[in-house]
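All remarks here apply to the structure that follows.
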Amino acid sequence: MRKKRIKRIAVLTSGGDAPGMNAAIRAVTRTAIHENMKVFGVCQGYAGLIAGDFLPLGPRDVGGIIHLGGTILRSARSREFKTEAGRNKALAALQAKKIDAAIIIGGNGSQTGAYALSQLGLPVVGIASTIDNDLAGSEITIGVDTAMNIALEAIDRLKTTAASHKRAFLVEVMGRDCGYLALVAGISGGAEVIAVPEAPCRPEDIARELKEAYERGKSHGICVIAEGAEFKAADIASYFREHHERIGFELRLTALGHVQRGGAPGVFDRFLATRLGAAAVEALVRGEENVLTGLMKGAIVTTPLSEVVRAKKTLDTDLLRMAHILSR
Ligand code: F6P
């Protein structure tokens with residue numbers, strides 16, 4: 001346990017923005033001020049840290065943001081921070097500002113950066129935030145629920161137009177190399193096929209599944225595909241075009257892309273972000289450092305960043321079997 005009291009903290013958001021990041025910034029700032037700390041927001045993630053782009057944050061600076069998507073601190077993916085020279089510059093900027101500890105809000109890459117910073121001797125606490133839900137140390141991360149609801153709404157809408165024309169749709173959702181968003185949104189939207197990176201699914205499998213769905217009397221065919229799936233959505237769509245005569249129906253592609261990341265966070269993400277933000281400051285007050293705050297079995301917990309960056313979160317692919325049975 002650390003002896004020195006933390007008096008000045010920096011908070012930053014890094015990587016892809018996620019709905020709920022602002023709620024986390026607000027919770028960190030107000031909890032830290034309650035604990036008599038001074039708070040500095042870092043603009044544009046690790047890039048801003050290297051540039052020494054700090055912004056003092058008071059309670060009013062984080063007012064009126066809990067309902068806003070994106071991040072008021074802005075975000076970035078910094079190549080320079082991946083180098084030793086970049087990290088040393090960041091540390092020097094923190095030292096020049098007399099910062100005692102940093103709170104890093106972000107996903108996998110951001111927490112790897114947080115761990116690297118902690119290895120230079122700075123106390124760091126991470127907050128699990130990414131729409132991809134691919135970060136160990138938190139069963140669900142900030143932004144996932146809102147992103148899934150956006151995907152679900154799109155699936156529901158596509159289903160009604162698909163049914164009117166007896167059409168099939170391929171809905172591509174984000175998630176980088178992780179199929180969580182596609183799997184949960186697909187199951188909740190009653191998709192006929194779900195394609196994720198964690199399980200094989202060839203274009204011919206999709207054609208067969210959708211054809212069988214029509215043969216069972218369905219008036220629509222929905223395939224939800226993760227952007228990281230082995231066969232990319234655009235290639236699957238062209239496979240359907242090339243083999244149109246044999247397959248007998250067309251497959252229209254809707255790629256949701258960044259639509260899923262934008263917009264206001266829902267209640268789940270606001271509440272989760274608020275709890276994780278407060279917990280991150282409380283961890284520092286207790287003398288805990290170099291940990292990630294996350295949600296496990298309904299409770300807010302901390303996990304060492306060293307474990308978080310080494311572990312790989314797995315997808316429950318048994319759910320694909322269940323989805324297959326339920327789409328009959
Ligand atoms: O990590 C979040 C995420 O939205 C991924 O789902 C996606 O692959 C990636 O970021 C897109 O990154 P960018 O916005 O930098 O293109």
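The values are calculated or read from the model by the stated rules, or taken from the named source; none is laboratory data. It should be emphasised that the depicted structure is a prediction, and the values quoted were computed from it without experimental measurement. Backbone-built Cβ (ideal geometry, glycine too); neighbour counts: all protein chains shown. SASA here: full protein model, heavy atoms, side chains in, ligands and nucleic acids out. Shrake-Rupley method; radii C 1.70, N 1.55, O 1.52, S 1.80 Å.
Every residue in the stretch 190-200 that is surrounded by fewer than 22 Cβ atoms within 10 Å (Cβ to Cβ) and free of Cβ contacts under 8 Å to residues at least 60 places away in the same chain, please. If you could, list the steps in order and put the result at the bottom.
In the first step, residues of the stretch 190-200 are kept if they are surrounded by fewer than 22 Cβ atoms within 10 Å (Cβ to Cβ); the result is 190, 197-200.
Selection gives Pro197, Pro200.
The rows are residues; the columns are (1) within 16 Å of the ligand (Cβ to nearest atom); (2) within 30 Å of the chain's Cα centre (by Cα).
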| site | (1), (2) |
| --- | --- |
| Val193 | no, yes |
| Pro203 | no, yes |
| Ala207 | no, no |
| Cys223 | no, yes |
| Glu245 | no, no |
| Leu256 | yes, yes |
| Val267 | no, yes |
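Among what's in the stretch 213-222 and is in contact with a helix residue (DSSP H, G or I) (Cβ under 8 Å, 6 or more places away or on another chain) and in contact (Cβ under 8 Å) with a residue 60 or more places away in the chain, pick the residue that is least open to solvent (accessible area, probe 1.4 Å).
Of the residues in the stretch 213-222, the ones in contact with a helix residue (DSSP H, G or I) (Cβ under 8 Å, 6 or more places away or on another chain) are 219-222.
Restricting the remaining residues to those that are in contact (Cβ under 8 Å) with a residue 60 or more places away in the chain gives 220, 222.
Details: His220: 30, Ile222: 0 Å².
Only one residue tops the list, namely Ile222.
Going through the stretch 223-255 one residue at a time, which ones are touching a residue at least 12 places away in the same chain (Cβ under 8 Å) and in a helix (DSSP H, G or I)?
Our first condition is that a residue be touching a residue at least 12 places away in the same chain (Cβ under 8 Å); within the stretch 223-255, this holds for 223-231, 233-237, 239-240, 243, 247-255.
Answer for the stretch 223-255, where residues must be touching a residue at least 12 places away in the same chain (Cβ under 8 Å) and in a helix (DSSP H, G or I): Ala233, Ala234, Asp235, Ile236, Ala237, Tyr239, Phe240, Ile247.
Yes or no, residue by residue, for (1) within 15 Å of the ligand (Cβ to nearest atom); (2) at pLDDT below 95; (3) assigned by TED's automatic domain parsing to the domain that holds Thr71:
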{"position": "Asn133", "(1), (2), (3)": "yes, no, yes"}
{"position": "Asn149", "(1), (2), (3)": "no, no, no"}
{"position": "Met174", "(1), (2), (3)": "yes, no, no"}
{"position": "Leu181", "(1), (2), (3)": "yes, no, no"}
- Item | Residue count for the stretch 94-106, restricted to those that are more than 16 Å from the ligand (Cβ to nearest atom) and either within 27 Å of the chain's Cα centre (by Cα) or open to solvent by 20 Å² or more (accessible area, probe 1.4 Å) (or both) | 9
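On the given criteria, is Arg26 more than 18 Å from Ala264 (Cα to Cα) and in the same structural domain as Val285 (by TED's automatic domain parsing)? So that I can check it myself, show each step before the final result.
Values: more than 18 Å from Ala264 (Cα to Cα): no; in the same structural domain as Val285 (by TED's automatic domain parsing): yes.
For Arg26, the condition - more than 18 Å from Ala264 (Cα to Cα) and in the same structural domain as Val285 (by TED's automatic domain parsing) - is not met.
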- Task: Output the residues belonging to the stretch 119-131 that are assigned to a loop (DSSP other than H, G, I, E, B) and more than 15 Å from the ligand (Cβ to nearest atom).
- Result: Gln119, Leu120, Gly121, Leu122, Pro123
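Would you point out which residue out of His258, His243 is in contact with a Pro (Cβ under 9 Å, 6 or more places away or on another chain) and open to solvent by 30 Å² or more (accessible area, probe 1.4 Å)? Explain how you work it out, then say what you get.
Details: His258 fails: in contact with a Pro (Cβ under 9 Å, 6 or more places away or on another chain).
Selected residue: His243, the only one of His258, His243 that is in contact with a Pro (Cβ under 9 Å, 6 or more places away or on another chain) and open to solvent by 30 Å² or more (accessible area, probe 1.4 Å).
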- Task: Return a yes/no flag: does the stretch 1-20 have any residue that is out of contact with any Leu (no Cβ under 8 Å at 6 or more places or on another chain), open to solvent by less than 10 Å² (accessible area, probe 1.4 Å), small (Gly, Ala, Ser) and touching a residue at least 40 places away in the same chain (Cβ under 8 Å).
- Result: yes
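Would you point out which residue out of Ala85, Ala47 is without any contact (Cβ under 8 Å) to a residue 24 or more places away in the chain, of a type outside the set (Phe, Trp, Tyr) and either open to solvent by 30 Å² or more (accessible area, probe 1.4 Å) or within 16 Å of the ligand (Cβ to nearest atom) (or both)?
Testing whether each residue is without any contact (Cβ under 8 Å) to a residue 24 or more places away in the chain, of a type outside the set (Phe, Trp, Tyr) and either open to solvent by 30 Å² or more (accessible area, probe 1.4 Å) or within 16 Å of the ligand (Cβ to nearest atom) (or both) leaves just Ala85.
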- Query: Which one is farthest from the ligand (Cβ to nearest atom) among residues in the stretch 57-81 that are open to solvent by less than 50 Å² (accessible area, probe 1.4 Å) and within 23 Å of Asp145 (Cβ to Cβ)?
  - Reply: Val62
- Query: Assuming Ser219 fulfils every condition listed in (1) assigned to a loop (DSSP other than H, G, I, E, B); (2) modelled with pLDDT of 95 or more apart from one, which condition is it?
  - Reply: (2)
- Message: Quick check on the stretch 278-293. Is at least one of its residues among the charged types (D, E, K, R) and modelled with pLDDT under 95?
- Response: no
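Suppose we filter Leu210, Leu183 for residues that are more than 25 Å from Asn133 (Cβ to Cβ), open to solvent by less than 30 Å² (accessible area, probe 1.4 Å) and not in a strand (DSSP E or B); which single one remains? Walk me through it before giving the result.
Working: Leu183 fails: more than 25 Å from Asn133 (Cβ to Cβ).
The match here is Leu210.
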- Query: When you go through (1) in contact (Cβ under 8 Å) with a residue 12 or more places away in the chain; (2) loosely packed, with under 13 Cβ neighbours inside 10 Å one by one for Ala299, which number turns out not to apply?
  - Reply: (1)
